[in-house]
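Worksheet: one structure, shown below.
The values are calculated or read from the model by the stated rules, or taken from the named source; none is laboratory data. None of these values were measured; they are calculated from a predicted model. Neighbour counts are summed over all protein chains in view; Cβ atoms, including those assigned to glycine, are modelled from backbone coordinates with ideal geometry. These accessible areas exclude ligands, DNA and RNA; they are computed on the full protein's heavy atoms, side chains included. Shrake-Rupley method; radii C 1.70, N 1.55, O 1.52, S 1.80 Å.
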Amino acid sequence: MTDTSLTAGLPTRYERPSALAFLGYALGVVIILWSFAGAGFSIDKVISSPPRFADFLDRAFPPNVEPKVLARLGWKMLETLQIALAGAVIGIILSVPVALLAARGLIAPTWINQIVRTGLGFIRAVPDIAWALVFVVAVGLGPFAGMLAIAIDTIGFCGRFFADDMEAADKGPSESLTATGARKLDVVACATIPAAMPAFISTSLFATEKAVRSSTILGLVGAGGIGIELKVGFDLFDYPTAMTVILMIAVVVISIEYLSGWARTKIIGEQR
Amino acid sequence: MCVRCTQTLASLSSTTSSVTNFDIETLVAPARPDRTGADISAPVLPVDLRVTGLAKSFAGTPIFKDVSFGLSRGEAVAIVGANGTGKSTLLRCLMGLIPADAGSIDVLGTDVRGASNAALRAMRAQMGLVSQKHNLVPRLSVLSNVVQGLLGQKPGLRHWSQAFAPAPSREAALAALEKVGLAHLASRRADRLSGGQSQRVAIARALVGQPKILIADEPTASLDPAAGEDVMDLFFALARQEGVTVIFISHNIDHALQYGDRVLGLAQGGMPLDARAAGLSAEELRGLYD
């Protein structure tokens, strides 16, 4: 039998929100609805789009698998991967010193941490396609502009996360080395970076995946890679070739994600 | 008491009596008893460490204040006290790892509170730290971890890994591992060791630079009782063999009495106990935890 004296002391299942909290929730809902309105959300268009989408699919299938087209797209895909890999590797390498300056309490004073973090925030705020446009202006059309765009985008991503990883690394080994009289740089090189290495590897693999995804669209603005084929396909209403490009990108990106997951497990293993 | 400790105590008495370097500040060391309570030496020894009127608080909450004590060369001092009394904080203040609020700390002739970073590093290069957790770098080899114990004396790339280290450093690291009985595991990754083995490697890392002062912060806290006894026996045998001054924290009252020449007790924001271990009973120490 239930002890009524005990149940009387039970807390209520749901707390009544305070007036301020209620106002906050209401404001949140209003902002979301306002955003839908700003984005031109239309139920009519949602309802009418499936037939148009079906029409596109009808015109796009079967994809263009002519050997000549496949060979051309294959080479462009290879160039896309080269842009992604070269850009990601340069970005990851440059991210390490940048992250050392961005990480609080490591080698740089707080004001430098703030400046570098703000710089990294700016890099991330600018989309990769915009960086590609900037580099096309700076170095001309072609894959080199794309590689630079990927490199700078990777620095924005890895610089921030490497810094966070080092700040969150186990402080024990660092303290033990500091206690031997080691310099800050030695402590960072011998204790902080090795402690953060599993997280570095994981972040680098994500950055490479991201670079591959980004590199597939850089061609839209003339920065090399398979993106230009996609643009030309749509511009000329050559939907079968555009569909081949889309499927090729999907296969490559999904494969890279699997490969990255496998590498993450092999390299980091149970250390994560 | 183990045979090894008896032997090392005997060697210590000969070592301490032969100390002739009195160019730094000296004091009359407390009489050093053997485990039966009889004095085996009462020399005038250099002071390795002197703390006066030390105070520390965190976010306005006082941890301890007016803590004063000294350590003479070769002495082993246990710090005991309940959780939150500031034992680890005190040790970190001594090494200059965290700043004290008031008082003075003199370690091996260095004014810790007023020292430059370079002076602090030079001081720490003469000290060794063994923590509760071994704090080895997990993905590196055992030998690399021990080589890194020399970074205070030999900074730079060559001591980042055993692969780059000059031959004398690699040999010194292997000799330190030999002392803790783990030379055969030199190339094993540190994260493949047992808890007891890891703590032994941490001792080797602390000893490789031939420190004058060894600091141990509950070195057996993460070990089972048998491994803990082994580590303590080894730690003190080596420390006494090298004539090193030891300051260690222990929640194990038996360890404090067995391995310490003196016991310092922290309680109620101060240090109400500073007494020779030989004259103390376990009951008296338990009183600090009430």
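Considering only protein heavy atoms, what per residue accessible area in square angstrom results for the range A:73-158 with a 1.4 angstrom probe?
Values: 4070 Å² over 86 residues.
On a per-residue basis, 47 Å².
Past the 23 Å Cα-Cα mark, which pairs from A:K171/B:K179; B:K87/B:K133; A:K184/B:K154; B:K87/B:K179; A:K76/A:K266? Mind dumping the intermediate values first?
Numbers: A:K171/B:K179 27 Å; B:K87/B:K133 16 Å; A:K184/B:K154 13 Å; B:K87/B:K179 29 Å; A:K76/A:K266 30 Å.
In this structure, A:K171/B:K179; B:K87/B:K179; A:K76/A:K266 exceed 23 Å between Cα atoms.
Largest first and in whole Å, what are the equivalent-ellipsoid semi-axes of the range B:65-156 based on the Cα gyration tensor, each being the root of 5 times an eigenvalue? It would help to have the intermediate numbers written out before the result.
Details: eigenvalues 126, 66, 32 Å².
Equivalent-ellipsoid dimensions as semi-axes: 25, 18, 13 Å.
So what's the gap between the Cα centers of the range B:120-180 and the range A:61-127, to the nearest angstrom?
Each part's Cα centre sits 36 Å from the other's.
Return the tail of the calculated pair distribution for the range A:90-142, meaning the percent of Cα-Cα pairs more than 17 Å apart. Write out the running numbers ahead of the final one.
On the way: 686 of 1378 pairs.
That tail contains 50 percent of the Cα-Cα pairs.
What is the percent carbon and sulfur in the accessible area of the protein assembly as shown, measuring with a 1.4 Å probe over the protein chains and ignoring ligands?
On the way: 17280 of 27350 Å².
The computed percentage sits at 63.
So which residues in the range B:150-184 end up with at least 10 square angstrom less accessible surface once the other protein chains are there, compared with the chain by itself, probe 1.4 angstrom?
The answer is B:L151, B:G152, B:P155, B:G156, B:W160 - residues whose exposure falls by at least 10 Å² when every protein chain is included.
Taking 2.2 N^0.38 Å as the expected size of a compact globular protein, what ratio does the Cα radius of gyration of the range B:183-287 give against it, to two decimals?
The range B:183-287 yields a ratio of 1.18.
So how compact is the range B:66-113: Cα radius of gyration and Dmax in angstrom?
Radius of gyration, then largest Cα-Cα span, for the range B:66-113: 11.2, 31 Å.
Can you give the Kirkwood hydrodynamic radius of the range A:1-144 from its Cα pairs, in Å with one decimal?
23.1
Residue-wise, which Karplus ³J(HN,Hα) couplings in Hz belong to the range A:55-66, taking 6.51 cos²θ - 1.76 cosθ + 1.60, θ = phi - 60°, and x for glycine or proline?
Values per residue, Gly and Pro as x: 5, 4, 4, 4, 7, 7, 9, x, x, 6, 10, 4 Hz.
Which whole-percent values make up P(r) of the protein assembly as shown when all C-alpha to C-alpha distances are grouped in 20 Å steps starting at zero?
17, 37, 26, 17, 4, 0
Under Stokes-Einstein, with the Kirkwood radius over Cα pairs standing in for Rh, what whole-number D in µm²/s applies to the range B:121-178 at 37 °C and 0.692 mPa s? Kindly include the intermediate steps, with their values, before the conclusion.
On the way: Rh = 11.8 Å.
Rounded, D is 278 µm²/s.
Compute the accessible area of each residue in the range A:179-195 twice, once for its chain alone and once with every protein chain present, using a 1.4 Å probe on heavy atoms, and list those whose area falls by at least 20 Å².
Residues of the range A:179-195 that lose at least 20 Å² of accessible area once the other chains are added: A:A179, A:T180, A:G181, A:A182, A:R183, A:D186, A:A189, A:C190, A:P194.
Using only the C-alpha atoms of the range B:45-289, find the volume of their convex hull and express it per residue in Å³.
Convex hull volume per residue, Cα atoms: 124 Å³.
Within the range A:178-270, which chymotrypsin sites (Phe, Trp or Tyr not before Pro) sit in a loop by DSSP and count at most 12 neighbouring Cβ atoms inside 10 Å?
Of the chymotrypsin sites (Phe, Trp or Tyr not before Pro), the ones in loops of the range A:178-270 whose Cβ has at most 12 other Cβ atoms within 10 Å are A:F237.
For A:W111, B:W160, give the ranking by accessible area with the largest first, probe 1.4 Å.
A:W111, B:W160
Any idea what % of Cα-Cα pairs in the range A:66-271 are farther than 23 Å? Write out the running numbers ahead of the final one.
Details: 10857 of 21115 pairs.
Tail of the P(r) past 23 Å holds 51 percent of the pairs.
Less than 12 Å Cβ to Cβ from A:R72, Lys/Arg counted +1 and Asp/Glu -1: what total charge do the surrounding residues give?
Spelling it out: positives minus negatives among the neighbours equals -1.
I'd like the accessible area for A:T12: 1.4 Å probe, protein heavy atoms, all chains in place, Å² to the nearest 10.
The accessible area of A:T12 comes to roughly 100 Å².
Using a 1.4 angstrom probe on protein heavy atoms only, which residues from the range B:98-136 are buried by at least 40 Å² of accessible area when all chains are present rather than their own chain alone?
B:R121, B:R124, B:L129, B:N135
State, to one decimal in nm², a quarter of the convex hull surface area for the C-alpha atoms of the range B:100-227, i.e. the direction-averaged projected area.
In nm², the orientation-averaged hull projection of the range B:100-227 is 8.7.
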